[in-house]
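Everything on this sheet refers to the single structure shown next.
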Amino acid sequence: MPKTTIKNLVSLIIEQINNKAIVDQLFPPDADVYIDNPLKYPELFDSVEDVNEPELPAVSEPVAEPELQMAAEAALNEARDFEYDKETLPEPMKIPAEELTKGARTPAIPRIVCVDPETDQFVEGVVIGDLVLTTPSGKKILVFYNHGLEQKIDRANKRANYVVLADNRFMMDKPRGKAWGKPIERDVQSKLAVAPPDETDIEKQKREGRLNAIKEGNAKRYGIFPIINSLFSNPDVLDHLDITLIPETWATPIRTEHTTNKIVMKKFGGTSSEIDADFIAVRDMKDVDSAIDGAMELRAELAMGDEVDKREREVSKAIPRQHANYIYRGGNWHAKQRVHDENFFQRSGGKTPVYELLSKNIQEGLATVNIRSTLSLNGEVQGDVYLLKATFKATLNARNMERGSGEEVGDLFPPIVVGLRKPLVDSENNPIDPETFTLENNTEFFVDQGRTTSDERKTGFLPQVIETLGNEIKTRIDPDEVLATMIQLVQNAVDQGDPDVPHGNDIDLPL
C-alpha cells in the first residue's frame, strides 16, 4: 500500500468531507476497526451538521488553487487539534484481536499485547482499554496501549493504538441481520454438532473445542453468574459482610479461572452434569486495628439508620493466577503472599523496571493482614436426584512479624454449607436421562424463569440454594465473634514468631 502523504490527505478532505457514506464504508456499523493513526482518516472529523454544506470541487490530484489548498490544510490542522469528547469506561473494554477488521489505510494489524489493569499482567491477542473518544462524525474510538510492537514487550515504549468501535458496541441489544452485514445464525450449536464432510482431525478438534466453549460459556454466563451476583447485589448481605470485613465473592471470569490459562480447570455444567466452580476474593488491610475501627464506624451508622446505600464501599479484589496452575514461571499466586513484607517484595523482583507492575502477588509490603473468602458451588447426579451444594468460608492471612512472611492463620468462622436435592424430572414430571443431563440443556431444571440476565427476581433450584446461603451468612456469621477471632488469630501469629529465624533471612517464597 502506498504511503499516505499530507497532499493525499488534503485531497481526500476536499473530495469526501461532505460524504457521510464514505464513513460507513470505511467503518462498517457492525465492525470494530483497528487503525494506527486517526489522522489518516479525515472522514472521522466530518460532523453530521456539515453534510448539507456546499460541496467543494472533487479532484483526484493534489490541489493547486491557493484558496482551496489553504482551506484543506486548515481542516487537517483542525483535525489534529480537535478536542475530543472523552469518556472513561467504568471497567476496561476487552476485544479479541482476531475479531478486529483492518482499517483501509492501515498497513496491517500488528501483534497486540496489552496490560490487564485487573491483574497487572500482559495479555496477548486482546485489546484492553477504558478511554473512548467521540469524533465529530459520531464515531467512537477506543484508545489502548499496545506493548506488542517491540520484540521484548517488557522493555517496549508503550504506544497508543486505536479501534473505531462498531456503532452497536454500546447497545444493550445489538442489531443483526442483512442491513448490518451480519446475518442471524439461529442455532450455532446445532451446526457445530454436525461434522462436515471430509473433516480433518485438527478441524474436528477446533469445532468441538468451540462447541464446548459455547456451552460452558452459556452455562456460567446465563445460568450461574447472574444467580450468585444477585446474592451480592443485596444490600443486607453486603452490609453484613462489610461489618465483618469479609470480602464478597462476585461471579466473574477473573474470580473463577485466569483469562490466560489454557487449561480448563472449572466446570459449569455446560458439557457434563458436574458443576465444580470456586469464586475467590480478597480484602487487604494495613493493620487489624484500623480495619476494625472502620467496621465499627459502619456498624454505628447502620444502627443509627444513616443512609449508607450510596457510600463508596471497598469492592473485593480478585487474586491473579489463583487458578492458573503452573503456566508461568513461579507457579500459582496465593492470598498469603499479599501480606509479605517489603524485603520479600524486593527479593521477589519488586516492580518491573519499565511499567512498574508487581512481579509477584505482594502488595509492596504495605498490607499486614488480609481475608480470603471462597464461595464453592458443587453439583452432581446421585442416582435419580441432583445434589447441589454451596459453601462459603473465609480464611485470615497475617504477616509473621519475625519471618516477614504471610501465613494462613485460621478460619474466621466455621464454613457454611447448604445443599438441596431435586429429583431428575422435567417440568412435566418426566424422567431426565442422567447420562445426557447438563445445566446448558436443562436450564429450566435449575432456574424456573429459564436462561436470562434480567433484573427480575429468579426462582427455582439454583436460586433457592444461593438464597439459602445468603440467609445463612446473615444469621450464622456473628460480627462480634468474627472480629474477636480475627484479633486472636493475629495475636497468635505474632506470638508464634520464631526468634531463631531473623527477619529478612533468605527463605523459600511460597509461590
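The values are calculated or read from the model by the stated rules, or taken from the named source; none is laboratory data. These figures come from a predicted structure and were not determined experimentally. A quick note on method: Cβ atoms are made from the backbone with ideal geometry, for glycine too, and the neighbour counts reach across all protein chains shown.
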> Given the structure, is Leu387 among the hydrophobic types (A, V, I, L, M, F, W, C), over 21 Å from Ile243 (Cα atoms) and within 21 Å of the chain's Cα centre (by Cα)?
Replying inline: no
> Any idea how many residues of region 379-407 are assigned to a strand (DSSP E or B) and more than 23 Å from Lys317 (Cα to Cα)?
Replying inline: 9
> Counting only residues that are of a type outside the set (Gly, Ala, Ser) and within 22 Å of Trp333 (Cα to Cα), which one in region 403-430 is farthest from the chain's Cα centre (by Cα)?
Replying inline: Arg403
> For Thr271, all conditions in the list (1) of a type outside the set (Lys, Arg); (2) closer than 20 Å to Ile473 by Cα; (3) crowded, with 19+ Cβ neighbours inside 10 Å hold save one; what is the number of the exception?
Replying inline: (2)
>> farther than 19 Å from Trp250 by Cβ and at pLDDT 90 or above: is that true of Asp478 in this structure?
In response: yes
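So that you can scan it fast, the table gives a plain yes or no per residue for (1) assigned to a helix (DSSP H, G or I); (2) in contact with a strand residue (DSSP E or B) (Cβ under 9 Å, 6 or more places away or on another chain); (3) farther than 20 Å from Thr374 by Cβ:
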{"residue": "Ala213", "(1), (2), (3)": "yes, no, yes"}
{"residue": "Leu241", "(1), (2), (3)": "yes, yes, no"}
{"residue": "Glu248", "(1), (2), (3)": "no, yes, no"}
{"residue": "Gly270", "(1), (2), (3)": "no, no, yes"}
>> Every residue in region 80-106 that is in contact with a Ser or Thr (Cβ under 9 Å, 6 or more places away or on another chain) and either assigned to a strand (DSSP E or B) or modelled with pLDDT under 85 (or both), please.
In response: Phe82, Tyr84, Asp85, Lys86, Glu87, Lys94
> Can we say Phe232 is in contact with a Ser or Thr (Cβ under 8 Å, 6 or more places away or on another chain), without any contact (Cβ under 8 Å) to a residue 40 or more places away in the chain and among the aromatic types (Phe, Trp, Tyr)?
Replying inline: yes
> Of the conditions (1) under 33 Å from the mean Cα position of the chain (by Cα); (2) closer than 20 Å to Arg283 by Cβ, Gln488 fails just one. Which one is it?
Replying inline: (1)
> What are the residues in region 120-146 that are part of a loop (DSSP other than H, G, I, E, B) and either under 18 Å from Asn37 (Cβ atoms) or not assigned by TED's automatic domain parsing to the domain that holds Glu99 (or both), if any?
Replying inline: Thr135, Pro136, Ser137, Lys139
> List, please: which pairs have Cβ atoms under 8 Å, are six or more places apart or on different chains, and start with a residue in region 444-461 that is loosely packed, with under 14 Cβ neighbours inside 10 Å and at pLDDT below 65 and end with one that is in a loop (DSSP other than H, G, I, E, B) and of a type in the set (D, E, K, R)?
Replying inline: Thr452/Lys458
>> Every residue in region 107-117 that is surrounded by 17 or more Cβ atoms within 10 Å (Cβ to Cβ) and at pLDDT below 90, please.
In response: Val113, Cys114, Val115, Asp116
> Quick one: Lys351 ticks every box in (1) within 24 Å of the chain's Cα centre (by Cα); (2) in contact (Cβ under 8 Å) with a residue 60 or more places away in the chain; (3) farther than 26 Å from Ala295 by Cα bar one, so which box is it?
Replying inline: (2)
> Within region 383-429, restricting attention to residues that are modelled with pLDDT of 90 or more, charged (D, E, K, R) and in contact with a helix residue (DSSP H, G or I) (Cβ under 9 Å, 6 or more places away or on another chain), which residue is farthest from Glu481 (Cα to Cα)?
Replying inline: Asp384
